[in-house]
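Undergrad: I am attaching a structure below and will ask some questions about it afterwards.
The values are calculated or read from the model by the stated rules, or taken from the named source; none is laboratory data. Note that the structure is predicted; figures quoted are calculated from it, not measured. Here the Cβ positions follow ideal geometry from the backbone for every residue, glycine too, while neighbour counts run over all protein chains shown. Keep in mind that these areas ignore ligands, DNA and RNA; they rest on the heavy atoms of the full protein, side chains included. Shrake-Rupley method; radii C 1.70, N 1.55, O 1.52, S 1.80 Å.
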Amino acid sequence: MRRVFLLLLLGLVTWVHADVTDCTTPPSEVSALQALYMSTNGDIWHWRTPYSFYGYPWNFTATANPCDQSKSWQGITCEQHGSTCNVLGIDLGSYDLRGVLPKELGALSALQVIHLDNNVLTGSIPPEIGTLTALQDLYLQVNRLSGTLPSTMSQLRQLQYVEMGNNRLNGTLDGVGEWTVLKYLSLDHNFFTGSLPDTMAALTAMQSFDVHKNLLTGPIPTWIGNWTQLEYFDVDGNLLTGTIPSQWGNLTKLLNLYLNANRLTGTLPLQLAQLRSLETLALDNNRLNGSIPVAFGQLTQLKYLSLSNNKLTGSLFPEFGQLTALQSLYLGSNHLTGPLPRQLGQLTAVEYLDVSENRFTGPLPVDLGQMTKLSNLYMQANLLTGPLPSQLCATAIGDIFAAGNLFSGELPACFANFTQLSLADNRLNGSLDAQFFSAALVSCSLSHNALTGRIPAVPRHSPLLYLELQRNRLNGTVVLASQRLLSLNVASNALTGPFPWANASQSLQYLNVSNNRLTGTVPAAPDALFLHALSIDASFNGLSGQLSDAFSQAVNLTYLRLAYNAFTGPVDALVDVSLQGQLSSIDLMYNRLSGSLPASWFALPQLTVLLAASNCFDEAVPADVCGAKNLTTLVLDGMGS
């Protein structure tokens, strides 16, 4: 959406080939083109084919004539004056020019258009470009140009379209104010500094202004109200300060306004509500305060509104429901309070709704179920209460993030049809539907609630990759058949039965079953069960028996915690030093293990933590401990260091 207007403007720039008959091109202009060819490795340019359509590769013979109608040069447009033809335009965008712009370009005195964008041009812009006083269009974007804008460029008073974004240019914009007929300026993704100079107040023909992602400072000048033809304005990602001028209200043609990611302060000016044609308003990531004006409900053409990451206060007004063209609404990370108005349900075109990290209270309006195009709902870290309405299932929601609220009641079974479900740190209770993990969920976080009953089986065909159910009141056994699951955390419940690996995913990377009531032994694992495991925590259970080679297959394992169980016997087979070079932490405390700690463990190159106290090992401090170069924490019987 952000670049649509720019593309439309570019579409207005057309190449008109003059009716050129037999004529000669001045030698100085041919020499200038040859200098460009030589300084940018013309031998490797990417010529377009067929030549009969695009023109022919440049050929610097004794009779070279770029404007020869019978064999016109590719990328060159000419204009005839009697028997002389002058080069009017150069269009070599995306031709893989590699090198610097030669000073000889200044000899092309009739030049009106330069298209050298999307190449690998380096070095600075030569000051001789200031002699091209007929120049109207200058496109040098997406190169590697550096240095400042030459002061001579202030002489280019016919410039209408300038695009030099995505380079490494620096310095100030002091000379830009001389381009008094300028309609389009894009200098984004550079390193320009300083303020927007007052001389730019004269650029009253400006339609599109884009300097986002630079280092500009100072306030947004009040003279901005003079740019009454303005349709697109983008200063996103600079260091601008001060308040938003009320003069914005004069710019009734404005379609897109990006002031986000600066250091703007003060309140939202009421005059912004006069911009009835506005489609995009991005004011996020500033330091704005005060309430959202009720008059903003008059911006009925608005499609994108982002006010997130400010210090806005107050509540949302019912008039928000009038913004029926909205597709994206971002209000997150403010200090907004009160209930969410039910009129939000009238925003049936909204796809993204973010009210996260505020202080909204009360229940979630069932009217949100009318937002049939809603695909992403962010409302985490508020004070929302009551049950989650099943009406949300009538929307197109794929992702719902509502962690850190006060939601209660049972989770609607239809929520299984979402893709991402984040409801941790609420007060949800009841049990999960038996088929909850059999539908569409890819990521599910329900930790820190009060869920009861058994964990639904994760079938083999389940798309589930991430499952967090820690700190609930779940019981029963864990049944894993999925071959896709990457992360499982069911810690701090009341789960029983054996260690949950029967038919478990061979892709599993993170497993935490700690603080439960698991019992039984840990038999040898199926082939390659933990092949991709990075972290395994089975501490604080009732597991017993001897430790086999169950975990030695985990060649990527970094963290292994089996503390506070009833394991017995030696640990010789627990770790395969030749395969598990990434292992950094081993915790075996409070078991009944015997024998000695293998000397080879202290040769593990990444091992930093080894906890093995309160066991029955023969030696308290193995002699090989001095060989452990990275070991920072060692706790053995009767000794901690």
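Undergrad: State all residues of segment 140-162 that are open to solvent by 20 Å² or more (accessible area, probe 1.4 Å), closer than 19 Å to Ser208 by Cβ and assigned to a strand (DSSP E or B); if no residue qualifies, say none.
TA: Scanning segment 140-162 gives a single hit, Tyr161.
Undergrad: So, in segment 229-262, how many residues would count as being under 25 Å from Thr300 (Cα atoms), part of a loop (DSSP other than H, G, I, E, B), open to solvent by less than 60 Å² (accessible area, probe 1.4 Å) and not aliphatic (A, V, I, L, M)?
TA: Adding up the residues that qualify gives 4.
Undergrad: In segment 118-135, what residues are open to solvent by 20 Å² or more (accessible area, probe 1.4 Å), under 36 Å from the mean Cα position of the chain (by Cα) and over 21 Å from Thr172 (Cα atoms)?
TA: Asn118, Val120
Undergrad: Working carefully through the options Phe567, Phe540, find the one that is more than 18 Å from Phe617 (Cβ to Cβ) and modelled with pLDDT of 90 or more.
TA: Phe540
Undergrad: Still on this structure, I have one more. Just wondering, is there one or more residues in segment 337-345 that are within 26 Å of the chain's Cα centre (by Cα), open to solvent by less than 10 Å² (accessible area, probe 1.4 Å) and of a type in the set (A, V, I, L, M)?
TA: no
Undergrad: Look at segment 58-86 and say how many of its residues are over 22 Å from Ala110 (Cα atoms) and open to solvent by less than 80 Å² (accessible area, probe 1.4 Å).
TA: Residues flagged as over 22 Å from Ala110 (Cα atoms) and open to solvent by less than 80 Å² (accessible area, probe 1.4 Å) within segment 58-86 amount to 1.
Undergrad: Every residue in segment 284-336 that is among the small types (Gly, Ala, Ser), open to solvent by less than 20 Å² (accessible area, probe 1.4 Å) and part of a loop (DSSP other than H, G, I, E, B), please.
TA: Of everything in segment 284-336, those that are among the small types (Gly, Ala, Ser), open to solvent by less than 20 Å² (accessible area, probe 1.4 Å) and part of a loop (DSSP other than H, G, I, E, B) turn out to be Ser308, Gly332.
Undergrad: I'd like the full set of residues that are over 16 Å from Leu411 (Cα atoms), open to solvent by less than 40 Å² (accessible area, probe 1.4 Å), of a type in the set (Gly, Ala, Ser) and not in a strand (DSSP E or B), limited to segment 438-477.
TA: Ser462, the sole residue that qualifies.
Undergrad: What are the residues in segment 269-279 that are within 15 Å of Asn310 (Cβ to Cβ) and open to solvent by 10 Å² or more (accessible area, probe 1.4 Å), if any?
TA: Residue satisfying the conditions is Pro269 alone.
Undergrad: Moving on. Going through segment 403-421 one residue at a time, which ones are open to solvent by less than 50 Å² (accessible area, probe 1.4 Å) and over 13 Å from Ala439 (Cα atoms)?
TA: Answer for segment 403-421, where residues must be open to solvent by less than 50 Å² (accessible area, probe 1.4 Å) and over 13 Å from Ala439 (Cα atoms): Ala403, Gly404, Asn405, Phe407, Ser408, Gly409, Leu411, Pro412.
Undergrad: Something else: Of all residues in segment 93-117, which are within 21 Å of His46 (Cβ to Cβ) and either polar (S, T, N, Q) or under 31 Å from the mean Cα position of the chain (by Cα) (or both)?
TA: Gly93, Ser94, Tyr95, Asp96, Leu97, Arg98, His115, Leu116, Asp117
Undergrad: Can you go through Asn565, Asn512 and tell me which one is polar (S, T, N, Q) and either surrounded by fewer than 22 Cβ atoms within 10 Å (Cβ to Cβ) or within 28 Å of Arg484 (Cβ to Cβ) (or both)?
TA: Result of the check over Asn565, Asn512: Asn512.
Undergrad: Of all residues in segment 175-199 being part of a helix (DSSP H, G or I), open to solvent by 10 Å² or more (accessible area, probe 1.4 Å) and at pLDDT 95 or above, which is farthest from Leu216 (Cα to Cα)?
TA: Top of the filtered list is Glu178.
Undergrad: Let me ask another. Among (1) touching a strand residue (DSSP E or B) at 6+ places or on another chain (Cβ under 6 Å); (2) surrounded by fewer than 17 Cβ atoms within 10 Å (Cβ to Cβ); (3) modelled with pLDDT of 95 or more, which single condition is Asp96 missing?
TA: Evaluating Asp96 over (1) touching a strand residue (DSSP E or B) at 6+ places or on another chain (Cβ under 6 Å); (2) surrounded by fewer than 17 Cβ atoms within 10 Å (Cβ to Cβ); (3) modelled with pLDDT of 95 or more leaves (1) as the failure.
One line per residue, one yes/no per condition, for (1) more than 22 Å from His212 (Cα to Cα); (2) of a type in the set (Asp, Glu):
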residue: Val235; (1), (2): no, no
residue: Leu255; (1), (2): no, no
residue: Leu283; (1), (2): no, no
residue: Asn289; (1), (2): yes, no
residue: Thr300; (1), (2): yes, no
residue: Lys311; (1), (2): yes, no
residue: Ser315; (1), (2): yes, no
residue: Glu319; (1), (2): yes, yes
residue: Gln327; (1), (2): yes, no
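Undergrad: Would you please name the residue that is nearest to Ser422 (Cα to Cα), looking only at residues in segment 345-367 that are polar (S, T, N, Q) and not in a loop (DSSP other than H, G, I, E, B)?
TA: In this case the residue turns out to be Thr361.
Undergrad: Checking Leu36 against (1) under 26 Å from Val120 (Cα atoms); (2) open to solvent by 20 Å² or more (accessible area, probe 1.4 Å); (3) touching a helix residue (DSSP H, G or I) at 6+ places or on another chain (Cβ under 7 Å), which single condition isn't satisfied?
TA: Failed condition: (2).
Undergrad: Taking segment 349-373 only, how many residues are among the polar types (S, T, N, Q), buried (at least 17 other Cβ atoms within 10 Å of the Cβ) and under 22 Å from Pro412 (Cα atoms)?
TA: Count: 2.
Undergrad: What are the pairs, 6+ residues apart or on separate chains, where a residue within segment 335-346 that is basic (Lys, Arg) has its Cβ under 6 Å from a residue that is not in a strand (DSSP E or B)?
TA: Arg342/Pro365; Arg342/Asp367
Undergrad: Let me ask something else. Among the residues of segment 317-345, write down those that are farther than 19 Å from Thr280 by Cα and not small (Gly, Ala, Ser).
TA: Those that are farther than 19 Å from Thr280 by Cα and not small (Gly, Ala, Ser): Phe317, Pro318, Asn334, His335, Leu336, Thr337, Pro339, Leu340, Pro341, Arg342, Gln343.
Undergrad: A follow-up question, please. Of everything in segment 111-139 that's part of a strand (DSSP E or B) and not hydrophobic (A, V, I, L, M, F, W, C), which residue is nearest to Tyr184 (Cα to Cα)?
TA: So the residue we want is Asp137.
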